[in-house]
Amino acid sequence: MNSASIQTKRLRKSYRSADALKGLDLELFAGEAFGLLGPNGAGKTTTLRILATLIKPTEGDAWIGGHSVRSEPLAVRRLIGIVNGGMGLYERMSGREILHFFGRFYGLEGRVLTERVQWVDQVLGIGAALDKKVQEMSSGMMQKIVVARAILHRPPVLLLDEATRGLDVFARRALLDFVQEYKRSGNTVVYSTHVLPEAEEICDRVGFLHLGTLLFVGSLDAVKERYETDSLERAFIKAAEEAEGAAA
Amino acid sequence: MNAWLYVAFKEIVSTWRDKRTIRNVLVLPVLLMPLFMYGPAFLMSDLEARTRTGIQKVGVVNLPSEVLELFKSANLEPVSVSDPRAAVESEEVVAAVVYREGNFEIFSLESAKPVKAGLVVAKVRRALDEYKDHLVAKSLAEAGLDLSVLEPFSVEERDVSPEQARGAGMLGGMIPYFLMIFIMMGAMAVVIDATAGEKEKGTLEALLATPVSHMQIALGKMFAGLVFAVVTAVSGLTGLLVGGTLFRSFAQGETFEMMGGSINLSAGAIALLFITAVLYAAFITALLVAVGMYARSYKEAQTYVSPMYMVLVVPLLVLMFASDFLNRSLWLYTLPVFNVYLAFDQIIKAQISTTALLITWSSTAIFVAIATAWAARNFTDEGVLFRN
């Protein structure tokens, strides 16, 4: 298995009232952007939280770079960066202070840390926001710092959960361009969203997740062929209807 | 540097930059607490001194001339009135004295104006007592008896309390209480924002996804709370001491000295107070972290912390006035919070025993361990972290 890839086997997560994930099997590879698609409540956030070792699976396991999320959470966390739409920042700190604070957790110190901050500044075009307090930043600038925080240690796996939520058109465009660039550098990007056109633009493969079950995994061409439509949105609806029909 | 120290440093810097919190937690208590604690005693003391040296009008009806002379020498100005009750009620005079068939009757507004009226009535009583002594001495002399027959023995009181206990007095009992409030206020300033606040802002998830054990993150937040709690307590206590000294230098009456409130601590006692305060601060901080993590928002955390504050601190108010009546059995020093109050009180009054202190420290250390384990568990319990 490639060290930057992700694998899940029979991944199940139950909460008191229901199963949020019902045996997820996935294999993702280095250099690809994978779209984890589904409506609210499909299990996307649960999957990403398991991959980020924030919650434990009820059954099954997942591996990132060969490390189990169950038994080696610290090793997994060194390999990932996570961004979600609801993530905030420390409002009384500047962008640079936040990056320094998080960078140290990955062993980045001194000159190396300074160079990494310069790198994220270049890659994301942070500019003046680096030395502004968060409370003085625009939402687009804040989101750039959130992404910068996630990639500062150059993780081979980037987990994005509804990452464009609340962003204006410029900030959204910048983020989508960045994701494509990051993938081209040989990293794995998991892009979870319910905005399907975004996934259509940046993902190589997609997975349809509906009520905790993975209905389909394949390339965009495979989706079109399987569901006989050019629209990812229509394909997803067909997949969901087929699943519900089969269940009935 | 360890990750927990980075976390602690971030929390301290973040809190320090919140000017409103700093003003409410560090500046206002230092300025206002001495005012609340010593202000009333100072005012009473000042009023007492002014009443003693000043001249007050007293209504008189049918008083013997010797009594009128004694009133004058006691700085009371006798004023003839026809209706003593009306004269007092209209505040034409502070008190009125009527002599009728061997009986002196004193009219005053003692319940409505307890301090001023009480002080003037006391002056009147002293003058009347002097008149009584004069009459008794005269009668005894006429009977050929010596005045000493009235006092076959004398009584002298000796307060053998340590000097520190005598200085502490009534107000001294409030110092442990304020110390404990300062500790809680300081810890709260950091901890609620560092736990429920982080959850609400969505920064906690990013922090928990870093390659740092959640135990270290919990410890960092607790350490920041501990530092702030101790700093708040030290500055609050300094404010009380400096404020007390300032008020004392201006106070004139005896009441202020009687109320006490002065602390005369040796270096050893300061060290004992500090160790006890640090242990208590660690306990309170760990409790707050555990409770704060359970809340989903800053506001929700406040609704949890307020009852906790009532449960932990309000009973101490009772203790403040009732600690004299406690049989200081050693088991009392095993009770959380209660033991720390008793230890503070006894250290300030130089009456703490080594055994009681060791029991307080060791039991508090156990409570710190239990609360820390609870707080750390809440950082790994996904039911708590992602509670909907």
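The values are calculated or read from the model by the stated rules, or taken from the named source; none is laboratory data. Computed from a predicted structure; not experimentally measured. Positions of Cβ are backbone-derived with ideal geometry, glycine not excepted, and every protein chain shown enters the neighbour counts. For accessibility, only protein heavy atoms count, side chains too; no ligands or nucleic acids. Shrake-Rupley method; radii C 1.70, N 1.55, O 1.52, S 1.80 Å.
A few remarks follow.
- Measuring between their Cα centroids, segment B:80-107 and segment B:346-388 lie 62 Å from each other.
- Residue separation of B:Ala86 and B:Phe36 scaled by 0.36 nm, minus their Cα-Cα distance, works out to 14.4 nm of gained length.
- Per residue accessible area of the protein assembly as shown, 1.4 Å probe, in Å²: 47 Å²
- Rounded if a/c under 1.5, otherwise prolate or oblate - segment B:54-149, Cα gyration tensor axes: prolate
- Folded to 0 to 90 degrees: helix B:28-53 orientation relative to chain B principal axis, Cα: 0 degrees
- Under the shape rule built on the C-alpha gyration tensor, where the axes satisfy a ≥ b ≥ c, segment B:115-192 is oblate, since a/c reaches at least 1.5 while a/b does not exceed b/c.
- By a 1.4 Å probe calculation restricted to protein chains, A:His194 has an accessible surface near 90 Å², given to the nearest 10.
- Rounded tilt (10° steps) of B:267-294 against the dominant C-alpha axis of chain B: 60 degrees
- Nearest-20 debye value, the protein assembly as shown charge dipole, Cβ charges on Lys, Arg, Asp, Glu: 1680 debye
- Relative contact order (%) - criterion: Cα under 8 Å, at least six apart; region: chain B: 22 percent
- Residue-averaged beta-carbon neighbours from other chains (10 angstrom radius) around B:4-12: 2
- Summing Lys and Arg as +1 and Asp and Glu as -1 over all other residues whose Cβ lies under 14 Å from the Cβ of A:Asp19 gives a net charge of +4.
- Sites B:Thr53 and B:Glu156, calculated FRET efficiency, Cβ-Cβ separation with R0 30 Å, nearest 0.05: 0.60
- The protein assembly as shown - share of DSSP beta bridges that are antiparallel (%, nearest 5): 50 percent
- Packing here is the average count of other Cβ atoms within 10 Å per residue, and on that basis the peptides B:231-242, A:35-46, highest first, run A:35-46, B:231-242.
- Check: chain B dipole with +1 on Lys, Arg Cβ and -1 on Asp, Glu Cβ, in debye: 1640 debye
- Its relative contact order, with pairs defined as Cα atoms under 8 Å and 6+ residues apart, puts chain A at 26 percent.
- If you take all other residues with their beta carbon under 12 Å from the beta carbon of A:Thr46, and give Lys and Arg +1 and Asp and Glu -1, the sum is +3.
- Pairs from the list B:Lys10/B:Lys201; B:Lys57/B:Lys113; A:Lys44/A:Lys183; A:Lys9/A:Lys224 with a Cα-Cα gap above 18 Å: A:Lys44/A:Lys183; A:Lys9/A:Lys224.
- For peptide A:69-82, the mean count of partner chain Cβ atoms within 10 Å of a residue's Cβ comes to 2.
- Alpha carbon centroid spacing (whole Å) that separates segment B:158-225 from segment A:82-156: 30 Å
- Summed over both chains, the area buried between A and B is near 2600 Å², taken from the accessible surface of protein heavy atoms with a 1.4 Å probe.
- Accessible surface of segment B:54-149, 1.4 Å probe, proportion on carbon and sulfur as whole %: 49 percent
- Charge dipole of segment B:54-149 (Cα centre as origin; +1 on each Lys and Arg Cβ, -1 on each Asp and Glu Cβ, all else neutral): 260 debye, rounded to the nearest 20.
- Sites matching GluC sites (Glu not before Pro) across segment A:95-145 that sit in DSSP coil, with at most 15 neighbouring C-beta atoms within 10 Å: A:Glu109
- Zone of A:Glu59's modelled label, taken as backbone nitrogen in segment A:1-40 under 14 Å from a point 7 Å along Cα→Cβ: A:9-15, A:19-25
- Here's the picture: charge each Lys and Arg Cβ at +1 and each Asp and Glu Cβ at -1 in chain B, and of B:Leu226, B:Ile181, B:Pro78 the one pushed furthest to the positive end of that dipole is B:Leu226.
- A simple count of charges around A:Ala62, restricted to other residues whose Cβ falls under 12 Å of its Cβ and scoring Lys, Arg +1 and Asp, Glu -1, yields +2.
- Applying both filters, DSSP loop and at most 13 other Cβ atoms within 10 Å, to the trypsin sites (Lys or Arg not before Pro) of segment B:145-231 gives B:Arg158.
- Antiparallel bridges, percent of DSSP beta bridges restricted to segment B:54-149 (to nearest 5): 40 percent
- Surface accessible to a 1.4 Å probe, A:Trp63 within the full protein complex, Å²: 70 Å²
- Value at 222 nm in deg cm²/dmol, rounded to 500, when DSSP H runs of n ≥ 4 in chain B each add -39,500 (n - 2.57): -22500 deg cm²/dmol
- When the square roots of the Cα gyration tensor eigenvalues are ordered a ≥ b ≥ c, the ratio a/c for segment A:1-90 is under 1.5, which makes its shape rounded.
- Extension gain (nm, one decimal) between A:Val169 and A:Glu72, 0.36 nm per residue minus Cα-Cα: 31.0 nm
- Mean partner shielding of peptide B:210-219, defined as the number of other chain Cβ atoms within 10 Å of each residue Cβ, is 4.
- Of the solvent-accessible surface of segment B:281-388, computed with a 1.4 Å probe and all protein chains present, 68% belongs to carbon and sulfur.
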